[in-house]
Amino acid sequence: MKVLVAAHEVANALTRWHDFIKLGNIAKSEQLKEEVEHLLTDMEKNQDVLLYYSLIDYRHSLLYNNTNEAEEKLQNIDPEHEMNDLLLYYYYYFKGMHQYKLQNYQEALSYYNQAELSLENLSDEIEKSEFYYKVASAYYHMRQFLLAIDYIFKAISIYQNYPLYKSRIADCHNVLGLCYLGRKEYEKAEKHFKESFEVAKEIGDKDLQVFLMYNLGYLYSEQNHSDLAIQFLSEAASKKFRLHKVCYLLAKEFLKIGDRKLAYLHISKGKEICQEINNEEYFHHLKVLELLDSPPQHLLKRATIQMNKVLDYFQEEGLHGFVHDYAIEFGNLLYKYQYYENASHFYNRGVNCQTSKS
């Protein structure tokens, strides 16, 4: 008679597989995936373990940024099935991760909030810290910086006790730098970016080092230190890092120093990249640069109509901070040319939009 594999043995293998997914170790994740699937063929009947497998397999797809494959696997997971606290947590947490990868940050936070209801029942401290980090990242993108900072410090308080997760400490300082940058607390932002850079150098994380070059370029851009900004952003561009974002910031800096030729070269390149990678958000950011550079004779008609459409996009996506910032900036441009009534419209739109409380 064939001896069946105990369900708890498969569950333990699934947990090891998940651990390597969390570490981003693709080779070991693939190895454990094969082992688990081999065990499943001879496992005693257990619906919870099968559901656990489906959820971890779903996250495995997210490790490869394969959102289409993840979507297909999600269809096989029945949310109506009775789940214990751990499975319920994973179900909503992974769905939040999926939406985050699709840049649907409001949707992501909605699922994260549901996952958090089951978080207190988890004994795995690293799991909690990972959750806090993911939530903070989503709040950062929604420009709710104080909430993001709160969750990041929760994550750091756990990660600092686990040497294997030193890279996550660097990631956390990076997010903190971005949050303080968003709040225009530039000294704090630079401090955290540099802390992150030191850890990244220590552990040999070259990808994060390039990311931080980009963020330092962003920081100096916000302070109108164009020479430094262009230097760091050009270094990031040479490493092919997030070129749609780099093009946006470089175009912005070249407009500041009056080099419209280079600015529009980067705007054009950035738009092409956005279309290639299907990034609608940054296509609109690049469009804003063009609109803010509009000649006076185009402001009242074409530019005003297009700016309202751009602001509608950010409003619909829940990116209210951008609605506020861009509306005020465009209002200032209109005011400069004495189009006071039109300027008032954009000032009102900026002030009255549903801004974050960060």
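The values are calculated or read from the model by the stated rules, or taken from the named source; none is laboratory data. Predicted model, so just to flag it, every value in this text is computed and none were measured. Every residue, glycine among them, receives a Cβ derived from its backbone with ideal geometry; neighbour counts consider all protein chains shown.
Within the bounds of the stretch 90-105, is there any residue that is touching an Asp or Glu at 6+ places or on another chain (Cβ under 6 Å) and either at pLDDT 90 or above or at negative phi (or both)? The answer is yes; a qualifying residue exists. Restricting attention to the stretch 185-197, the residues that are surrounded by fewer than 21 Cβ atoms within 10 Å (Cβ to Cβ) and either touching a helix residue (DSSP H, G or I) at 6+ places or on another chain (Cβ under 7 Å) or in a helix (DSSP H, G or I) (or both) add up to 7. Considering (1) closer than 29 Å to Gln99 by Cβ; (2) hydrophobic (A, V, I, L, M, F, W, C); (3) touching a residue at least 40 places away in the same chain (Cβ under 8 Å), the lone condition that Leu292 does not fulfil carries the number (1). Restricting Gln99, Gln103, Gln144 to residues that are under 25 Å from Val323 (Cβ atoms), out of contact with any helix residue (DSSP H, G or I) (no Cβ under 6 Å at 6 or more places or on another chain) and crowded, with 19+ Cβ neighbours inside 10 Å narrows the list to Gln144.
Each row is one residue, and each column tells you yes or no for (1) closer than 21 Å to His141 by Cα; (2) out of contact with any helix residue (DSSP H, G or I) (no Cβ under 7 Å at 6 or more places or on another chain).
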{"site": "Val246", "(1), (2)": "yes, no"}
{"site": "Leu249", "(1), (2)": "yes, no"}
{"site": "Leu265", "(1), (2)": "no, yes"}
{"site": "Ile273", "(1), (2)": "yes, no"}
{"site": "Glu276", "(1), (2)": "no, yes"}
{"site": "Val310", "(1), (2)": "yes, no"}
{"site": "Leu333", "(1), (2)": "no, no"}
{"site": "Lys336", "(1), (2)": "no, yes"}
{"site": "Ala343", "(1), (2)": "no, no"}
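Pairs meeting the criteria (first residue in the stretch 81-110 and not assigned by TED's automatic domain parsing to the domain that holds Gln315, second residue modelled with pLDDT of 85 or more and of a type in the set (Asp, Glu), beta carbons under 6 Å, at least 6 apart or on different chains) are Gln99/Glu107. Being surrounded by fewer than 18 Cβ atoms within 10 Å (Cβ to Cβ) and under 19 Å from the mean Cα position of the chain (by Cα) holds for only one residue in Glu235, Glu280, and it is Glu280. Within the stretch 265-272, one or more residues are buried (at least 20 other Cβ atoms within 10 Å of the Cβ), of a type in the set (Val, Ile, Thr) and either farther than 30 Å from Leu109 by Cβ or in contact with a Pro (Cβ under 9 Å, 6 or more places away or on another chain) (or both). The conditions are (1) crowded, with 19+ Cβ neighbours inside 10 Å; (2) among the hydrophobic types (A, V, I, L, M, F, W, C); (3) within 30 Å of Glu276 (Cα to Cα), and Leu228 fails exactly one of them. Which is it? Going through the list (1) crowded, with 19+ Cβ neighbours inside 10 Å; (2) among the hydrophobic types (A, V, I, L, M, F, W, C); (3) within 30 Å of Glu276 (Cα to Cα), Leu228 breaks only (1).
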